[in-house]
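Taking it in order: structure first as structure tokens, then the write-up.
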Amino acid sequence: MNRLIVFLMLLFVTTACEERPISTLKLAHGLDSSHPVHLSMVRMGELLETYADGSMRLEIYPSEQLGSERQSLELLQIGSLDITKVSAAVLENFAPDMQVFSLPYLFRDDAHANEVFHGSIGKSLLVGMDEYLIRGLTYFDAGNRSFYTRQRLVNSPDDLSGLKIRVQESPTAMQMVRELGASPTPIAWGELYTALQQGVIDGAENNAPSFHLSRHYEVCKYYILNEHTAVPDVLVIGTLSWNRLSSEQKKWLQMAADSAAAYQQTLWLAAEAKALDEVAAAGVQIIRPDKSAFAQKTASLLENLPPHLKALVQKIQAYETHD
């Protein structure tokens, strides 16, 4: 009888622990701690503690301390990690509709992209991932992605022919690079500097602040501003963690995420300008090619889509921005 009582007490305590609202959320990501997105997540943690009157907090683990973006998403799905920041390009492997943001030359300009992300289209994609045990909280601006190379000057798509270009683990990104005549090579972010330095690959593609803060400019002396994609970073929480939050905690967390995203946009503009200035000062040649040539060469990616994604692309392209 005593053993039965002890068992029932342990079962009750375990169940209560599993169902109680959580107060400390673990957030992991792969960026450097000086990156604007990391600084915005620090601000998010401060705001969350303020909104929750000290009853909630974030523990932030940058620089792939808990694994790559793919590994972090897998940890989210089983409840071992609460929140992570991933590129939409990696997220498309888990939530297929997110591939729309990896399509080349989808947006008219930065304002168009920003309004799509934070408007009805972007929000519907954030909350439409429950079946994959993931829920989006907000988008962080990741600017425009462009190519950079070790040794070859690139003025047109033809100049990429035969090069090995690092891409994210994104089928859409890999297909885009193939259309441009290069060989896509997925490599983890943390391994990329060494791969460039050793000549395993000929180049990569990313936004200016990431090119700068990763110090890839020490190896790659050409930065080609063709701006092929505007793939956002996405802040996501596992549904196992989300469902353990009270309605009030969910509100506080969403408010903190929204405020952090607005703060990050102000940091991002300054970081882009600084990055271009500093890599140029370090001897990088910044090339501004005719972007229309790259757009024409990759146009088929926007045409050869499943019907529901083609309809989503049309909706995005028709989206009107507001001054």
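The values are calculated or read from the model by the stated rules, or taken from the named source; none is laboratory data. What you see is a predicted model; the values in this text were computed from it and never measured. Quick reminder, even Gly has a Cβ in these numbers, built from the backbone with ideal geometry, and neighbours come from all protein chains shown.
Annotations for the structure displayed:
- Of the helices (runs of 4 or more DSSP H) lying entirely inside the stretch 236-319, the ones with 3 or more residues being among the hydroxyl-bearing types (S, T, Y) and within 30 Å of S72 (Cβ to Cβ) are found at 247-281.
- Hits in the stretch 154-170 - residues which are of a type outside the set (K, R) and at pLDDT 95 or above: V154, N155, S156, P157, D158, D159, L160, S161, G162, L163, I165, V167
- Checked against (1) free of Cβ contacts under 8 Å to residues at least 24 places away in the same chain; (2) buried (at least 20 other Cβ atoms within 10 Å of the Cβ), E131 passes all but a single condition, namely (2).
- Filter result (assigned to a loop (DSSP other than H, G, I, E, B), touching a Leu at 6+ places or on another chain (Cβ under 7 Å) and surrounded by fewer than 18 Cβ atoms within 10 Å (Cβ to Cβ)) within the stretch 33-62: S34
- Looking only at the stretch 82-138, and only at residues there that are charged (D, E, K, R) and in contact with a strand residue (DSSP E or B) (Cβ under 9 Å, 6 or more places away or on another chain), the one that is nearest to N207 (Cα to Cα): K85
- Residue match in the stretch 137-145 (condition: part of a loop (DSSP other than H, G, I, E, B), surrounded by fewer than 18 Cβ atoms within 10 Å (Cβ to Cβ) and of a type in the set (G, A, S)): no
- Contact map, the stretch 228-250: first residue farther than 14 Å from L81 by Cα, second residue of a type in the set (D, E), Cβ cut-off under 7 Å, separation 6 or more or different chains; pairs are P232/D141.
- Within the stretch 142-184, being touching a residue at least 12 places away in the same chain (Cβ under 8 Å), more than 24 Å from V234 (Cα to Cα) and of a type in the set (D, E) holds for D158, E179.
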